[in-house]
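Peer 1: Here you go, one structure.
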Amino acid sequence: MDVPIFSVNDTVLVVAVLECLLLGALLLFITHIPLPQRLLLSLFLLSLGVDFLDTLIYWAEPLKAHWLSDHLYTFYVLKPLGLIAAPALYLYLKSMLFSDFNWCRRRLLHFAPALLIALLLPFYLLMRDEGFFARARYDYEVLFHDLPFQLYLFFKYGLYFTYGLISYRLLATYHRHLEQGYSNLKSVDPWWLRLLVIGFLIIWSLYLTSYLSHLLFEHRGMANLTGVLGNYLNVFFITSLVVYSLTQSQTFHGVSEAPALNSVAIGNEDEQASLAQSIHQVMREQQLYLDPELSLERLASTMGLSSKLVSSIINRRLNKNFFEYVNDFRTERAKSIIASEDGPDSMMQVMEQSGFNSKSTFNRCFKRATGMTPSEYRENIRRSPVGRISEA
């Protein structure tokens, strides 16, 4: 009876290896993506591909039996390269999110863990005799309970999880930067990127859980289940990351990461108050807030001032970011429309006539300002003795 070369789980690893290595190589020739971004994304994919290959050649029994039976050290030489993936993803996100990203020597420090493991690997191989590696090749428990290997696994999965967290934090920082320059985040906030980062964070959490369950509770079944589940999810999220990167990179809004507020001279208290009043007056008289896509740049251009100066005034004098400032005007407009006798009954129409084009933003901003949803505010108006009022 013929025995299949690969099991189903091995086949998933084969797909992951081929996908990562092929896409990683092809990305180098995709010219519409900026060079730093495609190099870092390619590095992420190639590193993951090598890491999957490292897993495959150890766990695929047919490979060990037929092609690697005389090789004791093949199962270790690829391990340092797997530590490149998480830092590469973080730097890829940074290069995409921030337009002032530049490559410098200090960024190489992110790859120091991979270099450290590469330097320590020869010493580890010399510390153990061939008998140990011969037993470890077929009995994972021998390898797993070897202290240096345990430290490597803890270091690797801890590194992945840590970079997953700081990658998510990086997206939160980017979101705050967007709120300084845009009044509507629907078209500029990369929700797909946030979902993908959460996906990789979940996967890396599964790998860390797999390791800890095996180490602390000797629960090999749980460890195997979470590890295999992580491999399946990896194929999906890797494909999604590449597809979205290829299709969304040209429409992506990078922002400046460097803080500029403290470098802008905005005068004394009287001058600040005067500028704040001027901004407020322009917003009210020209009703700029009714433009759903109003940006800081357009407001500054209308006033003949620099974007940095306008942003500084809104932040320092009004204690708001641009997003909050504009949407407060829209909320006041919505309240006026709801209270008006001839106002529309549809909340979607109220939203659109107020300058909002996102229902979630409309509800969130309205509730922040009034403590009620728009519908609750309308019911409160209708129940009040005065009832609706005529709009001036």
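Each value in this text was obtained by applying a stated rule to the coordinates, not by laboratory testing. On a predicted model such as this, the values are computed, not experimentally measured, just so you know. Positions of Cβ are generated from backbone atoms using ideal geometry, with glycine treated the same way; all protein chains shown enter the neighbour counts.
Peer 1: Could you point to the residue in LEU290, LEU309, ASN319 farthest towards the positive end of the range 263-319's charge dipole, with +1 and -1 charges on the Cβ of Lys/Arg and Asp/Glu respectively?
Peer 2: ASN319
Peer 1: Quick one: dipole size for the range 303-392, taken about the Cα centre, charges +1 on Lys/Arg Cβ and -1 on Asp/Glu Cβ, in debye to the nearest 20.
Peer 2: On the way: 15 positive and 10 negative charges, 100 e Å.
For the range 303-392, the charge dipole is close to 480 debye.
Peer 1: Straight distance only, please: which lysines reach the Cα of LYS367 with their own Cα at less than 27 Å, same-chain residues fewer than 8 apart left out?
Peer 2: The reachable lysines, counting only those whose Cα sits under 27 Å from LYS367, are LYS186, LYS320, LYS335, LYS359.
Peer 1: Summing +1 for each Lys or Arg and -1 for each Asp or Glu, what net charge is found among the other residues whose Cβ lies under 15 Å from the Cβ of LEU83?
Peer 2: Values: positive: LYS79, LYS156; negative: ASP51, ASP54.
Neighbour charge sum, excluding LEU83 itself: 0.
Peer 1: Give, in nm to one decimal, the length gained when the segment between TRP191 and TYR124 is fully stretched (0.36 nm per residue of separation minus the Cα-Cα distance).
Peer 2: 19.8 nm
Peer 1: Using unit Cβ charges (K, R positive; D, E negative) and no other charged atoms, how large, in debye to the nearest 20, is the dipole of the range 263-319 about its Cα centre?
Peer 2: Dipole about the Cα centre, nearest 20: 100 debye.
Peer 1: If you average the sequence gap of Cα pairs under 8 Å that are 6 or more apart and divide by the length of the range 8-251, what percent do you get for the contact order?
Peer 2: 19
Peer 1: Which one of LEU91, LEU23, GLY230 is farthest out on the positive end of the charge dipole of the chain, using unit charges on Cβ (Lys, Arg +1; Asp, Glu -1) and the Cα centre as origin?
Peer 2: Toward the positive end, the furthest listed residue is LEU91.
Peer 1: Using a 10 angstrom cutoff on alpha carbons, build the Gaussian network for the chain and name the most mobile of LEU125, LEU299, LEU81.
Peer 2: Per the Cα network of the chain with a 10 Å cutoff, LEU125 tops the list.
Peer 1: Once you keep just the Cα pairs under 8 angstrom separated by 6 or more residues, what percentage relative contact order results for the range 335-392? If you can, show how the numbers build up before the last one.
Peer 2: On the way: 44 pairs, mean separation 25.4, N = 58.
So the answer I get is 44 percent.
Peer 1: On a 0 to 90 degree scale, rounded to 10, what angle separates helix 112-127 from the longest Cα axis of the chain?
Peer 2: Long axis of 112-127 versus the principal axis of the chain: about 20 degrees.
Peer 1: Also, I was wondering about something else. Of CYS104, CYS365, CYS20, which is the most mobile in a GNM of the chain whose springs link Cα atoms less than 10 angstrom apart?
Peer 2: CYS104
Peer 1: Right, next: Of the chymotrypsin sites (Phe, Trp or Tyr not before Pro) in the range 107-195, which ones lie in a loop per DSSP and count no more than 12 other C-beta atoms within 10 Å?
Peer 2: none
Peer 1: With point charges of +1 on the Cβ of Lys and Arg and -1 on the Cβ of Asp and Glu, referenced to the Cα centre of the chain, which listed residue (PHE52, TRP103, LEU299) lies farthest in the positive direction of the dipole?
Peer 2: LEU299
Peer 1: Rounded to the nearest 500, what is the 222 nm mean residue ellipticity of the chain from helices alone, with -39500 (n - 2.57) per DSSP H run of 4+ residues and division by all residues?
Peer 2: After summing the helix terms and dividing by residue count, I get -22500 deg cm²/dmol.
Peer 1: Taking the structure as given and computing percent of Cα pairs over 30 Å apart, which label from [x] 55; [y] 62; [z] 38 fits?
Peer 2: [x]
Peer 1: Relative to the Cα centre, what is the charge dipole magnitude of the chain, using +1 at the beta carbon of each Lys and Arg, -1 at the beta carbon of each Asp and Glu, and rounding to the nearest 20 debye?
Peer 2: Computed about the Cα centre, the dipole is about 660 debye.
Peer 1: Right, next: Excluding LEU212 itself, calculate the net charge of residues whose Cβ lies under 14 Å from the Cβ of LEU212, where each Lys or Arg counts +1 and each Asp or Glu counts -1.
Peer 2: Local net charge: +1.
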